[in-house]
Amino acid sequence: MISTRCLWTTIFPVCALAVSAFAQGEKSAEHKSIQRLNRAPVNHEVLQVKLPRPTEVKLANGLTVLLLERHRVPTVNVALWINSGSLDDPKDLPGLAKFTADMLREGTARRTSAQVSSELDALGGSFNANVEFGSTSTEVNASSLAESAEKLLDLVSDVVLNPSFPPDELQKYKQRQLADLEQERSDPSFLSQERLFRALYGGTPAAVVSPNPASVNSASSEQLKQFHAQHFVPNTAILGVAGDFETKQMSALVQKYFGAWKASASGSPKPPEIPAADSFKILLVDRPDSVQTNILAGELAIPENHPDYVALRVMNRVLGEGTAARLFLNLREDKGYTYGAYSRFDADTYPRPLLVNTEVRTSVTDGSMHELLGEIKRLQEEPVPDKELDDARRSIVAGFALSLERQGRLLSLWMEVKHNQLPEDYWDRYPAEIAKVGPESVQRVAKKYLDLQHLQFACVGAAKDIKDTLAKYGPVEVYDSDGKKVSP
């Protein structure tokens, strides 16, 4: 449960800060035209949080089950994390994990694709299965009204455990995928990510950000069945159920529908071997007709269970997470170079990138590079002012506190604890840990994880217009939109 202290007296001032932080923070010396009015009342006590604990059950087949009984709303959320993702893709078949997940609901031994959709509609339910490139898991999420919980578990277990991967449905899926791939190659955001991840991860599976036409065309129903049989196993999976149910009854239902799932010796995805950091360089993808430059920069960060994770989260909020952060205030509000400039990072069980990105007019490429690098340097060289840092910390805590009201989010936090091997009280301590991050910690992680000697840039734009400009900042390699290197 969340602390007995009144939520509104504790959370509301912080949430007001999060929603309107643009108007509340202390104005930066760098951007004197930007005013933050600081009008909202702020409670300076640290939010105390104690998440409701799920009941953990271990089935005989090794499946870890988390049951979170919540009677606030008459719904049930189901999450199943299979400990296998795109890192398990065969080298010659990138996308196989994604294809397998995407095709789960297209038919089983008992149900056709149309029947699966019809039953979900009748339940007023939802179902999706997803594999992100670079991920170490396949995530299945479903929901329905509580009164339909058993029917939902029946459907989910059938779709996940007994997919048939019908060839006719696979052919339709391939056509959609090929159209998506063609569209991707015209998207500068995709092109910059593809090039940057190759630079960061070298030839490891983590460098792959998309299937290719050859893998889509060659994928067969038999290959999907083999991948499913090898990797969809209970002894490395986590099943979570949250919602309006009695724990004893739900435990029996889980046993009924998942107890016969057969264990296997399949291991966890092997973390990629992280290549040594390369020296600073700019990878330019030439799009001759482009009127803007897409700028993406990054370095590898850390797993979620790393001691620096919390400090890095605060640093990221100050730098570029949201419209109150420095990159947005500088490049958009002060300079007018772009519609937005941001930083972000995702955590997994191995280092994922810390990314900085913006899209600007070709004519302001120089100014944008200068300001972006300047903001990183400022974060490394100058302590963040107390008021700005306090705003950032409170914004993070506010967003976290509000997310606990969503049943699905609460369940996913517990799934993260298990999958990423976090301490059981990790999220209870999270607000206090965020509050303890000081300016020296922000500077330290900025220097460590945004090392300007090794930062990699991927820029997409018209090479004839921006190559010389980019060369002012470091060595430039030019590629075409198909990924072929065309000049040093």
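Structure above, values below:
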read-out: Test: residue in the stretch 181-204 that is in a helix (DSSP H, G or I), of a type outside the set (Val, Ile, Thr) and farther than 30 Å from ASP278 by Cα; value: yes
read-out: Qualifying residues in the stretch 306-329 (those that are outside any loop (DSSP other than H, G, I, E, B) and free of Cβ contacts under 8 Å to residues at least 40 places away in the same chain) - the one surrounded by the fewest Cβ atoms within 10 Å (Cβ to Cβ); value: TYR309
read-out: Any hit, the stretch 352-364, residues being among the small types (Gly, Ala, Ser), farther than 24 Å from GLU194 by Cα, in the same structural domain as PHE457 (by TED's automatic domain parsing) and touching a Phe, Trp or Tyr at 6+ places or on another chain (Cβ under 8 Å); value: no
read-out: Condition check for THR358: surrounded by 18 or more Cβ atoms within 10 Å (Cβ to Cβ), modelled with pLDDT of 95 or more and within 22 Å of the chain's Cα centre (by Cα); value: yes
read-out: Every pair of residues 6+ apart whose Cβ atoms lie under 8 Å, when the first sits in the stretch 334-352 and is in contact (Cβ under 8 Å) with a residue 12 or more places away in the chain and of a type in the set (Val, Ile, Thr) while the second is in a strand (DSSP E or B) and crowded, with 18+ Cβ neighbours inside 10 Å; value: THR338/THR358; THR338/GLU359; THR338/VAL360
read-out: Residue satisfying all of: in the stretch 276-304; part of a loop (DSSP other than H, G, I, E, B) and either in contact with an Asp or Glu (Cβ under 8 Å, 6 or more places away or on another chain) or surrounded by 15 or more Cβ atoms within 10 Å (Cβ to Cβ) (or both); modelled with the lowest pLDDT among these; value: ALA277
read-out: Single condition PRO94 does not satisfy, out of (1) in a loop (DSSP other than H, G, I, E, B); (2) buried (at least 23 other Cβ atoms within 10 Å of the Cβ); (3) not small (Gly, Ala, Ser); value: (2)
read-out: Condition check for SER144: in contact with a helix residue (DSSP H, G or I) (Cβ under 7 Å, 6 or more places away or on another chain), in the same structural domain as LEU253 (by TED's automatic domain parsing) and over 21 Å from THR100 (Cβ atoms); value: yes
read-out: Cβ-Cβ under 7 Å pairs, at least 6 apart or on other chains, the stretch 468-488 side outside the structural domain of GLU184 (by TED's automatic domain parsing) and surrounded by 12 or more Cβ atoms within 10 Å (Cβ to Cβ), far side of a type in the set (Lys, Arg) and assigned to a loop (DSSP other than H, G, I, E, B); value: SER481/ARG185; SER481/ARG287
read-out: So LYS151, is it in contact (Cβ under 8 Å) with a residue 24 or more places away in the chain and crowded, with 17+ Cβ neighbours inside 10 Å; value: no
read-out: Every residue from the stretch 294-339 that is among the small types (Gly, Ala, Ser) and out of contact with any strand residue (DSSP E or B) (no Cβ under 7 Å at 6 or more places or on another chain); value: ALA311, GLY322, ALA324, ALA325, GLY336
read-out: Qualifying residue in the stretch 330-337 (condition: over 20 Å from the mean Cα position of the chain (by Cα), assigned to a helix (DSSP H, G or I), assigned by TED's automatic domain parsing to the domain that holds GLN456 and buried (at least 23 other Cβ atoms within 10 Å of the Cβ)); value: yes
read-out: Per-region count, the stretch 376-423, residues within 24 Å of the chain's Cα centre (by Cα) and charged (D, E, K, R); value: 8
read-out: Residues being on the phi < 0 side of the Ramachandran plot and out of contact with any Lys or Arg (no Cβ under 9 Å at 6 or more places or on another chain) - total across the stretch 413-426; value: 9
read-out: Residue match in the stretch 439-450 (condition: among the small types (Gly, Ala, Ser), touching a Pro at 6+ places or on another chain (Cβ under 9 Å), over 16 Å from LEU296 (Cα atoms) and in contact (Cβ under 8 Å) with a residue 24 or more places away in the chain); value: no
read-out: Enumerated helices (runs of 4 or more DSSP H) restricted to the stretch 370-438, each holding at least 1 residues that are farther than 22 Å from VAL78 by Cα and assigned by TED's automatic domain parsing to the domain that holds PHE280; value: 386-403, 426-435
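The values are calculated or read from the model by the stated rules, or taken from the named source; none is laboratory data. Small disclaimer: the values here were computed from a predicted structure and weren't measured. Please note: Cβ atoms are built from the backbone with ideal geometry, for glycine as well, and neighbour counts cover all protein chains shown.
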